[in-house]
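Participant: Encoded as structure tokens, here's the structure I'll be asking about.
Any read-out appearing in this document is the output of simple, stated calculations on the displayed coordinates, not a laboratory observation. Please read these numbers as outputs of a predicted model, since none were measured by experiment. Counting neighbours? That spans all protein chains shown, and the Cβs are built from the backbone with ideal geometry, glycine included.
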Amino acid sequence: MVNSVAGEISADKLGWTLVHEHFYFAYPGWQADLTMAPFDREEALRVGLEVCQTLKSAGIQTIVDATPNDTGGREPLLYKELSQMTGINIICVTGLFTESRGAHTYWKVKMAYGADIAQMIAELFIAELTKGIGNTSVKAGLIKVSSSAQMTQYEEETHKAAVMAQKATGAPIITHTDELSGIEQADFLLSQGADPRKVLIGHVTNSGDVEYHRAILKRGVYICFDRMGAAFPLGVSDDVHIQNIVALVREGHTRQIMLSHDTVNLSLGRATARPQAVRSVDHICRNIVPALKAGGVSDEQIWTIMVENPRRFLSDG
């Protein structure tokens, strides 16, 4: 069984799954600008319904919203409403972002006064996995932690907390990585006793070097090519990722690979000019899957990547 925002569901009902997307997102501090850009729930619902319809049309049945606690946009009750209105399974996370782009000050002040913040954060994660997020009764289905290009002391504490929570609940861990931090991150999580079968190292699309991907896979964890359709931040094209996925599948790594986009479908706060990725939540189904098949990846292997791997990762089986 898996915690979805609408309640527990059988892992066998997850179907085609995207494991790292964002319905809504804003960097910490956006609340300070609410006078100028208040949260528009009606617009958020409209955008969310459009996303869910696109997912359904593409054959996607489940989406993991990987928005952590300390950024804007984690909206459990809105996720629940979207799921109930559309039938799309939505799974949300409990977790924290990187030190440089998250809201670390609250925790670092406590750490400065001698608090065991790993224990405190673990208690938070466990509560949101087993009891619910705030007073919503919506339970998180997995844990998200994030690391910078080089892991900071604060990030080590969040990762320790994630492993403590995993040991207590069996919940899977999904990650954000900056640059090429996936190897260090995997090693640290495993050093703390994380179950490699329940760890998914994210944003391996930061690199076009297949040796980087192989190095993480050697740790026995999953990897996620989860910025498909995005040429930033490091300018790696889909063509390179497709070539690398095909190579890894041929080498026997099919059961350790997952795919997603890391879309942000609605940015909260005031709009600013920023590079826009040419992608949507159906890009993998429309473009990447056919390209993988053209490269020799079989229908059975596609099924493993898009259905079986998420099912095993998100459940106990």
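Participant: Of all beta bridges DSSP finds with both residues in the chain, what is the antiparallel percent, to the nearest 5?
Facilitator: Numbers: 4 of 28 bridges.
Close to 15 percent.
Participant: Using only the alpha-carbon atoms of the range 191-246 as identical scatterers, what base-10 log of I(q)/I(0) does the Debye formula give at q = 0.30 Å⁻¹?
Facilitator: The calculated log intensity ratios at q = 0.30 Å⁻¹ are -1.24.
Participant: Using the count of nearby Cβ atoms within 10 Å as a rough guide to exposure, how do 1, 164 rank from fewest to most?
Facilitator: By the 10 Å Cβ count, ascending: 1, 164.
Participant: Please list the non-local residues whose amide H lies under 5 Å from the amide H of residue 15, H modeled 1.01 Å from N, same-chain partners needing a gap of 5 or more.
Facilitator: Correct list: empty.
Participant: Ok, one more. I'd like the distance between the alpha-carbon centres of the range 39-86 and the range 238-317, rounded to an integer number of Å.
Facilitator: If we compute the Cα centre of each part, the gap is 19 Å.
Participant: So which of 139/218; 108/160; 108/167; 13/56; 110/160; 218/293 end up more than 22 Å apart by C-alpha? Could the numbers behind the result be given before it?
Facilitator: Numbers: 139/218 32 Å; 108/160 15 Å; 108/167 24 Å; 13/56 14 Å; 110/160 16 Å; 218/293 25 Å.
Violating the 22 Å limit, Cα to Cα: 139/218; 108/167; 218/293.
Participant: Here is a follow-up. Could you list which residues have their amide H under 5 Å from that of residue 27, counting only those 5 or more apart in sequence or on another chain, with H placed in the peptide plane?
Facilitator: Under 5 Å from the amide H of residue 27 lie the amide H atoms of 72, each far enough along the sequence or on another chain.
Participant: On a full-extension model of 0.36 nm per residue, what is the gain between residue 35 and residue 218, subtracting their alpha-carbon distance, rounded to one decimal in nm?
Facilitator: Between residue 35 and residue 218, full extension yields an extra 61.0 nm.
Participant: Ok, one more. Using the Cα atoms as the points, what is the convex hull volume per residue of the range 45-156 in Å³?
Facilitator: Numbers: hull volume 12.8 nm³, N = 112.
Per residue, the Cα convex hull of the range 45-156 comes to 114 Å³.
Participant: Please give the peptides 104-113, 253-262, 119-128 ranked by average Cβ packing (other Cβ atoms within 10 Å per residue), highest first, as a rough proxy for protection.
Facilitator: Numbers: 104-113: 14.0, 253-262: 21.9, 119-128: 20.3.
Descending packing order for the listed peptides: 253-262, 119-128, 104-113.
Participant: Beyond 38 Å, how much of the Cα-Cα pair distribution for the chain remains, as a whole percent?
Facilitator: Across the chain, Cα pairs with separations above 38 Å total 7 percent.
Participant: Additional query: Let me have the 222 nm mean residue ellipticity of the chain computed from DSSP H runs of 4+ only, each contributing -39500 (n - 2.57), with the sum over all residues rounded to the nearest 500.
Facilitator: -11000 deg cm²/dmol, from helical runs alone.
Participant: Still on this structure, please answer the following. Taking amide H atoms as placed 1.01 Å from N in the peptide plane, list the residues 5 or more away in sequence, or in a different chain, whose amide H sits under 5 Å from that of residue 263.
Facilitator: Placed amide hydrogens put 22 under 5 Å from residue 263.
Participant: Convert 20 °C to kelvin, take the viscosity as 1.002 mPa s, use the Kirkwood radius over C-alpha pairs of the range 73-224 as Rh, and evaluate the Stokes-Einstein diffusion coefficient in µm²/s, rounded to a whole number.
Facilitator: Values: Rh = 16.0 Å.
Roughly 134 µm²/s, to the nearest whole number.
Participant: Determine the relative contact order of the range 2-314: mean sequence separation of Cα pairs under 8 Å and six or more apart, normalised by residue count, in whole percent.
Facilitator: In percent, rounded to a whole number, it is 21.
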